[in-house]
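My questions all concern the structure below.
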Amino acid sequence: MSYAAPSTLVPPAPPSGAPRLRLPKLCAAVQGATPAELFERAGDALNDVKFIELRLDALANPAAALPPLKAFLAQRREVTAIATCRRKPFGGNFTGSLNSELDLLLKAAEAGCRIVDLEVESAEQATRPQLARFRAALHAAGAALLVSFHDFTRTKGLDQAASRIEAFQPDFVKVVSTARTLADNLAVLRLIEDRSLSAHVVGIAMGEEGLVSRVLGPRAGAAFTFASSGDGPGLETAPGQVSARTLLDLYRVDQLDQATRIFGVAGNPIAHSLSPLMHAAAFRRENVNAVLLPLKVKALADLLTLVRELPVSGVAVTMPLKREVLPHLANMDPLTARIGACNTLRTGADGKLYGFNTDVAGVVRPLEKRLKLQGARILVLGAGGAGRAAVFGLVERGAEVFVVNRTHQTAVALARKAHAKVLKQELLAKSRFDAIVNTTPCGMAGFKTAMPIKENELNAGVVFDMVYNPLETPLLKLARERGLAVIGGLEMFIQQGARQFEIWTGKPAPESEMFRVVELALRRRG
Ligand code: NAP
């Protein structure tokens, strides 16, 4: 099943009297505690989009915003604005009556808003003649009626919700639910696809899991999608909302079409993953029509449902999914099978999943650039997921690999399986290596232990630290001061991502561009 809008889609005709609107795909929702703050933020949002929603219900006195609203829109004829004044029992903040809500929304339309949002509960409370008068007055003012449904707890009964709304024959049907799973996005996209043939529909699942619906809604036929006006605190008007800039730059929401291939990076937590940024840069540079979305996965089965039904062309998987996914693969390369961990999925033309481990290339390639691996003595610190990829990959290249781990038994088991050697920590000071590879989290920002080994144990020509936050770890700093060659974890991150890009697209990865954008983002994060 595909959620791309059919190419023959004819936009539904507006109900008689409704204004004809040509809308951008992205609307930034703006709220403020005072009219001054609201319009300052609205002005900021216009740097990114020309379509905004003004949440009048977030103001203590929404009526006070009407004169500045009129002035604001009068000076910006190119702007399309939605006015919303949702009442408290229905998920908003407005404490006034139905009559005051209708009165405010009509005045907002007269002040220049081209769409007003009325929640379905209020529409149901209004009498038929009252609603007919309201709609006629809106149309006379040049504004369209959007009727909305919100479920702040789950995604269920979306069709019934849409039917409740359509009973009022609004100009726009907006159905918003809350995603608890990735599959909830499928329900929202299906609703959009079904209903957008006969109505202007907006569908979104709120929450982090619902990002897929925010990004892919317009591609499935939604009239538009919502963003927040910025990334700062207090700018989000709904859970899981991301900024207009992020939707445009990272997820290219205004460019997605039926041919766009969907990729994901799956894990939990996943919100701060740099994979979407890295791959967006690569897709852009290589003119690949694709997007990569963070997928918050609580259960593998949920991810697999999304991958199968959306469909998703490929996924970067993080722990613990790297192991869990193995039984679901139609095939995998022999090294992935031996390591027992797969970090890259590709969906074949047959719909089956194929598995790869690009972490190995992430370790091997940076080292290969600095030394000959055949016969090299390499110490791997740690025997977890990253350690396994390092040990198997380096042994395969003919290196003599020594494993040291906090839990010695784990090192013994790994060394036995990978044909490596195991070393006790107390022997390190007397040993010398061509390279030392740290695969423990020691030195990571916020991690208690700063160094994986003692200063007198740093006996190697090359030091490779997989940790990339901070960019220069205490281990790398010491190595640099000693004049040793150093490899930062960012290089590994880029290398494993570059191989993913190649597996997914068949094109050589633009590694330096990928490196540049991720390094910049890490420096900005501090
Ligand atoms: P993991 O599976 O949890 O393994 C962690 C390893 O570190 C285990 O061997 C563990 O020893 C050891 N360890 C944990 N705390 C320690 C401490 N305080 N002192 C000494 N050893 C300690 O984690 P992972 O997935 O392998 O990731 C490890 C690190 O590599 C993380 O910092 C991750 O960010 C980084 N990484 C980077 C990249 C990249 O692209 N640059 C890719 C993958 C991972 P025990 O067996 O005793 O628990």
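Where a number appears in this text, it was derived from the coordinates with a stated rule and is not lab data. Because the structure is a prediction, the values reported are computed rather than measured. Quick reminder, even Gly has a Cβ in these numbers, built from the backbone with ideal geometry, and neighbours come from all protein chains shown.
May I ask what percent, to the nearest 5, of DSSP beta bridges between residues of the chain are antiparallel?
About 10 percent, rounded to the nearest 5.
Same structure again: Would you list M319, M206 from fewest to most Cβ contacts within 10 Å?
Ascending Cβ contact count within 10 Å gives the list M319, M206.
Quick one: order H200, H150, H279 by neighbouring beta-carbon count within 10 Å, fewest to most.
Placing the least packed residue first, the sequence is H150, H200, H279.
Which whole number in µm²/s is D for region 261-357 by Stokes-Einstein, with the Kirkwood Rh taken over Cα pairs at 37 °C and 0.692 mPa s?
D = 243 µm²/s.
Hey, which of these cross-link pairs are over 18 Å Cα-Cα: K25/K174; K25/K50; K174/K296; K352/K507; K322/K421; K352/K417?
K174/K296; K352/K507; K322/K421; K352/K417
Here's something else I'd like to know. Order these by the 10 Å Cβ neighbour count, fewest first: S313, S163, S196.
Listing S313, S163, S196 from fewest to most nearby Cβ atoms yields S163, S313, S196.
What is the packing order of peptides 63-71, 357-365, 84-92, taking the mean over residues of other C-beta atoms within 10 Å and listing the highest first?
357-365, 84-92, 63-71
To continue, here is another question. By how many degrees, 0 to 90 and rounded to 10, does the Cα axis of helix 211-220 deviate from the longest principal axis of the chain?
Between helix and principal axis, roughly 60 degrees.
Quote the charge dipole size of region 261-357 about the Cα centre in Debye, to the nearest 20; the model charges only the Cβ of Lys and Arg (+1) and of Asp and Glu (-1).
With Lys and Arg at +1 and Asp and Glu at -1, about 140 debye.
Right, here's the next one. Nearest 10 degrees is fine. How inclined is helix 128-140 to the longest principal axis of the chain, computing both from alpha carbons?
80 degrees
Here is a further query. Treating the angle as unsigned and between 0 and 90°, give the value, to the nearest 10°, between the Cα long axis of helix 183-195 and the longest Cα principal axis of the chain.
Roughly 40 degrees, rounded to the nearest 10.
I want to verify the translational diffusion coefficient of the chain in µm²/s; compute it with Stokes-Einstein, Rh as the Kirkwood radius over Cα pairs, at 4 °C and 1.567 mPa s.
D = 51 µm²/s.
Here is a further query. Just report the Cα centroid separation between region 116-193 and region 206-268, whole Å.
So the separation of the two Cα centres works out to 20 Å.
Given the convex hull of the Cα atoms of region 235-315, what is a quarter of its surface area in nm²?
5.8 nm²
Could you state the orientation-averaged shadow area of the convex hull built on the Cα atoms of region 26-249, in nm² to one decimal?
Approximately 10.9 nm², given one-decimal rounding.
Let me ask something else about it. Give, as a single signed number, the net charge of other residues whose beta carbon lies under 14 Å from the beta carbon of L373, with Lys and Arg counted +1 and Asp and Glu -1.
+2
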